[in-house]
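The values are calculated or read from the model by the stated rules, or taken from the named source; none is laboratory data. This is a predicted model, so every value here is computed, not measured. With ideal geometry, Cβ positions are generated from the backbone for all residues, glycine too; neighbour counts draw on all protein chains shown.
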Amino acid sequence: MSVSQEVSPLIRPRSKILTRFGHELNWGDFVFRRVTASLAMLMLAALAAMAAAMVYGSAESLSKFGLGFVTAQVWDPVRDVYGALPFIYGTIASSLLALCFAVPISIGVAIFLSELAPAWLRGPVGFLVELLAAVPSVVYGLWGIFVLAPWLRNSVEPLLARTLGFLPFFQGQQRGFGMLAGGIILAIMITPTISSVSREVLRAVPSSLREGALGLGATSWEAVRVAVLPYARSGLVGAIILGLGRALGETMAITMVIGNRSEISASLFAPSYTMASVIANEFSEATGSLYLSALAEVGLLLFVVTVLLNVVARLLVWRVGRLPEGGSL
Amino acid sequence: MLARRNLLVGLLLGLIACKESQPAPAPSATEAAPVLKQDEAVSLTGAGATFPYPLYSKWISEYNKLNPNVKINYQSIGSGGGIRQITANTVDFGATDAPMKEDEAKQASGKLFHIPATIGAVVVAYNLPEVTGTLKLSSEVLVDIYAGKVKRWNDPKLKADNADAKLPAKDISVVYRTDGSGTTAVFTEYLGKVSAEWKEKVGVGKVVRWPTGLGAKGNEGVTGQVKTTPYTIGYIERAYASQNKLPMAELRNKAGKFVAPSIEAMSAAANAVEMPAELVVSLANADGEGAYPITSYSYLLVYEDAKDATKGEALAKYVWWGLHDGQKFAKDLDYAPIPATVLSKVEARLRELRSGDRKLLSGA
């Protein structure tokens, strides 16, 4: 397609650069476009460099353990035997547990703030929720050690064991520290992210939809359920993915409460371990090339798991967006 | 300035007059050592162990008051990091709790000296609301607790050593350090020394595969868990237990005595163990009536042959100062000073420090 023919001969082009739509382009736009494109490329390059560095760093471990690294459960630096399955399990399980707590709360907060709250309340409450995101994770961790874990040990876990103890999730020694504490800490940390993005998404829903639903005699709940949520669905999934990303990568707070034991257990009371935690805990004191290489491979795995979960999430957004009754943003 | 130089020359002359007098005075910058000028600004960087960090940072600030031209920066990034950085020559000195292994030493660009700089202890802290007296632990029971064999506080083995204490019928909640640390290395070294089974099944190291318990991050993490959780036992550096007023168990030493982790007991352990020529020795389960069994040296790592003579000389003098004048700060910070017998060997080693053919401590 030769675009130059479409330019009227009556107009003398100031520059010979044309966009793909045939409009002429001035130099300012040209420079702006190239600069922003190179910035975007820089991010891609950084990502590629990171991946390459991790593959390079974990070469020794990759060749020694192969796929067995992902399926083995023993992590023993004394004998130079490394298996990462408990860390993979711990990372995914704690993040999903966190989503179970955080999603209903966050969506509820977002619906309240965008649909129901009186105008004077929206600003302050929204601000306070977002303030939670600014609390350093070490503070959450310390709160976890001194407040959350004792509370779980003395009140919540005995109660769960009494009432739901027949389930494998609520059995074993009640120590406060463990998967449950890790999931709760993560949930508190990702709630502000999910709720503030969700609120913006809900705000973007056209008022005509709400008004239409209300005009047809819907209650506020019905208006939200029938008109607002379907329209905002893909945006809400995006908000949840953002929260999930933060939960997967969170290190400090969860390290302080999850119990740091490389074992896989169905019980939420049992200690667990995450990929980010094991790197943070062991890298600074690690000596020996295989040990360092194994830790680098854990980093690589965290990278892979994050990318995979994001891809799954994108597919989900794409699929949700195509559903006939759902609007799209 | 001139007066000070005269004083130093006088000191040197005095030194020559009374050859090899006791105690050895600190080497001083005089005409004999022309590389480091009196006021030349030197900055040194070190990295390594977190265990002696409070003492090293005290040394650095005190030394800087005496020698404003020498700026020292110590990063407490952990022993492993210290070894990696000194091996890669990115810092001027390293520090480590566990001595370097042979394959680690091979990777260094030159010969690294281990300089024992201070002595620390790892204590067993516990939270037993019912028990008012001090808990007594034999090495067998301690190993069994960490191996998951002694599970309850009222286990007959524990009762045997603590006849007076009202031990509760509760589960023992075991806490260990999850991050790689010299503290864990020192503690497992002791467990491995008193139990062949431990050495074989679990092993000794900065991170081991604990048979039971919960992992906490850092001394502060273990301290926090012991403090907030009743019926918990954990091992931490002495300073953390004493500052947080946690009760520390008395351990039965090799001589069969129950000993509390006092500074005197740490010194007793150091005095009981002969320091070999390479200046690296384990104090775990030391002989001696009063010796506390989980005691350890912490080492500075210095290249024998300094690439930069100016920095090398400044470093040698700083280390010399730390091992003499610096030792008086040890006790307040929960460390024990280096015993005199060991100090004379360390002095001899420091005099071997050189840059090319030139000895760095020529004044001593």
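Number of residues in segment A:278-298 that are within 8 Å of another protein chain (Cβ to nearest Cβ), surrounded by 23 or more Cβ atoms within 10 Å (Cβ to Cβ) and touching a residue at least 12 places away in the same chain (Cβ under 8 Å): the value is 3. Within segment A:250-268, the set of residues being in a helix (DSSP H, G or I) and more than 8 Å from chain B (Cβ to nearest Cβ) comprises A:252, A:253, A:254, A:257. Residue count for segment A:253-266 satisfying the condition of being crowded, with 19+ Cβ neighbours inside 10 Å and either among the hydrophobic types (A, V, I, L, M, F, W, C) or more than 16 Å from residue A:92 (Cβ to Cβ) (or both): 9. Residues that are within 14 Å of chain A (Cβ to nearest Cβ) and on the phi > 0 side of the Ramachandran plot within segment B:67-97 comprise just one, B:78. Filtered by the rule that a residue be over 18 Å from the mean Cα position of the chain (by Cα) and either within 15 Å of residue A:191 (Cβ to Cβ) or within 14 Å of chain B (Cβ to nearest Cβ) (or both), segment A:117-144 gives A:125, A:126, A:127, A:128, A:131, A:138, A:139, A:141, A:142, A:143, A:144.
Given the structure, is residue B:228 within 14 Å of another protein chain (Cβ to nearest Cβ) and at pLDDT below 90?
So residue B:228 passes the test.
Taken together, the criteria exclude residue B:218 from residues that are within 30 Å of residue B:331 (Cα to Cα), surrounded by fewer than 21 Cβ atoms within 10 Å (Cβ to Cβ) and away from every other protein chain (no Cβ under 14 Å).
In the condition set (1) in contact with a strand residue (DSSP E or B) (Cβ under 6 Å, 6 or more places away or on another chain); (2) of a type outside the set (S, T, N, Q); (3) outside any helix (DSSP H, G or I), residue B:287 is compliant with all but (1). Going through (1) within 22 Å of residue B:265 (Cβ to Cβ); (2) more than 16 Å from the chain's Cα centre (by Cα) one by one, residue B:347 falls short only on (1).
Looking at segment A:145-175, which of its residues are within 13 Å of chain B (Cβ to nearest Cβ) and either among the aliphatic types (A, V, I, L, M) or without any contact (Cβ under 8 Å) to a residue 60 or more places away in the chain (or both)? Reasoning before the result, please.
Quick first cut of segment A:145-175, residues within 13 Å of chain B (Cβ to nearest Cβ) only: A:145-154, A:157, A:172-175.
Passing the criteria: A:145, A:146, A:147, A:148, A:149, A:150, A:151, A:152, A:153, A:154.
State the number of residues belonging to segment B:345-358 that are free of Cβ contacts under 8 Å to residues at least 12 places away in the same chain and not acidic (Asp, Glu).
Narrowing segment B:345-358 to residues free of Cβ contacts under 8 Å to residues at least 12 places away in the same chain: B:348, B:357.
Remaining after also requiring not acidic (Asp, Glu): B:348.
The total comes to 1.
Note on segment B:229-246: residues that are charged (D, E, K, R) and not in a helix (DSSP H, G or I) amount to 2. Against the list (1) farther than 19 Å from residue A:251 by Cβ; (2) touching a helix residue (DSSP H, G or I) at 6+ places or on another chain (Cβ under 9 Å); (3) not in a loop (DSSP other than H, G, I, E, B), the condition residue A:174 fails is (3). Looking only at segment B:154-177, which residues are in contact (Cβ under 8 Å) with a residue 40 or more places away in the chain and either at the interface with chain A (Cβ under 9 Å from one of its Cβ atoms) or surrounded by 19 or more Cβ atoms within 10 Å (Cβ to Cβ) (or both)? Residues satisfying the conditions are B:171, B:172, B:173, B:174, B:175, B:176, B:177.
Across segment A:193-231, which residue is surrounded by the most Cβ atoms within 10 Å (Cβ to Cβ) among those that are aliphatic (A, V, I, L, M) and under 30 Å from residue A:137 (Cα atoms)? Looking at residues that are aliphatic (A, V, I, L, M) and under 30 Å from residue A:137 (Cα atoms), I get A:194. Taking the condition of being under 16 Å from residue B:299 (Cα atoms) and in contact with a Lys or Arg (Cβ under 9 Å, 6 or more places away or on another chain), how many residues in segment B:332-350 meet it? Counting residues in segment B:332-350 that are under 16 Å from residue B:299 (Cα atoms) and in contact with a Lys or Arg (Cβ under 9 Å, 6 or more places away or on another chain) gives 2.
Out of A:195, A:234, which single residue is in a helix (DSSP H, G or I), more than 14 Å from chain B (Cβ to nearest Cβ) and at pLDDT 90 or above?
On the way: A:234 fails: at pLDDT 90 or above.
The match here is A:195.
When segment A:145-181 is limited to residues that are aromatic (Phe, Trp, Tyr) and within 25 Å of the chain's Cα centre (by Cα), the one that is surrounded by the most Cβ atoms within 10 Å (Cβ to Cβ) turns out to be A:177.
Got at least one residue in segment A:9-30 being modelled with pLDDT of 90 or more, in a helix (DSSP H, G or I), charged (D, E, K, R) and surrounded by 13 or more Cβ atoms within 10 Å (Cβ to Cβ)?
Start the filter on segment A:9-30 by keeping residues that are modelled with pLDDT of 90 or more, which leaves none.
There is no residue in segment A:9-30 that is modelled with pLDDT of 90 or more, in a helix (DSSP H, G or I), charged (D, E, K, R) and surrounded by 13 or more Cβ atoms within 10 Å (Cβ to Cβ).
For (1) closer than 19 Å to residue B:180 by Cβ; (2) in contact with a strand residue (DSSP E or B) (Cβ under 6 Å, 6 or more places away or on another chain); (3) outside any loop (DSSP other than H, G, I, E, B), each residue gets a yes or a no:
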| position | (1), (2), (3) |
| --- | --- |
| B:84 | yes, no, yes |
| B:119 | no, yes, yes |
| B:129 | no, no, no |
| B:134 | no, yes, no |
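Filtering segment A:267-301 to residues that are under 25 Å from residue B:75 (Cα atoms) and of a type in the set (Phe, Trp, Tyr) leaves A:283, A:291. Among the residues of segment B:231-245, none is identified as facing chain A (nearest Cβ under 10 Å) and of a type in the set (Gly, Ala, Ser). Going through (1) away from chain B (no Cβ under 14 Å); (2) in contact (Cβ under 8 Å) with a residue 60 or more places away in the chain one by one, residue A:206 falls short only on (2). Restricted to segment A:106-119, and to residues there that are crowded, with 16+ Cβ neighbours inside 10 Å and touching a residue at least 24 places away in the same chain (Cβ under 8 Å), the residue that is farthest from residue A:257 (Cα to Cα) is A:115. Against the test of being in contact (Cβ under 8 Å) with a residue 60 or more places away in the chain and part of a helix (DSSP H, G or I), the options B:342, B:280, B:302 yield a single qualifying residue, B:342. In segment B:247-259, the count of residues that are touching a Lys or Arg at 6+ places or on another chain (Cβ under 8 Å), assigned to a loop (DSSP other than H, G, I, E, B) and under 26 Å from residue B:78 (Cα atoms) is zero. The set of residues in segment B:321-335 that are under 10 Å from residue B:118 (Cα atoms), in a helix (DSSP H, G or I) and of a type in the set (A, V, I, L, M) contains only B:323. Scanning for something closer than 30 Å to residue A:207 by Cβ and of a type outside the set (Lys, Arg), does segment A:132-155 turn up at least one residue? There is at least one residue in segment A:132-155 that is closer than 30 Å to residue A:207 by Cβ and of a type outside the set (Lys, Arg).
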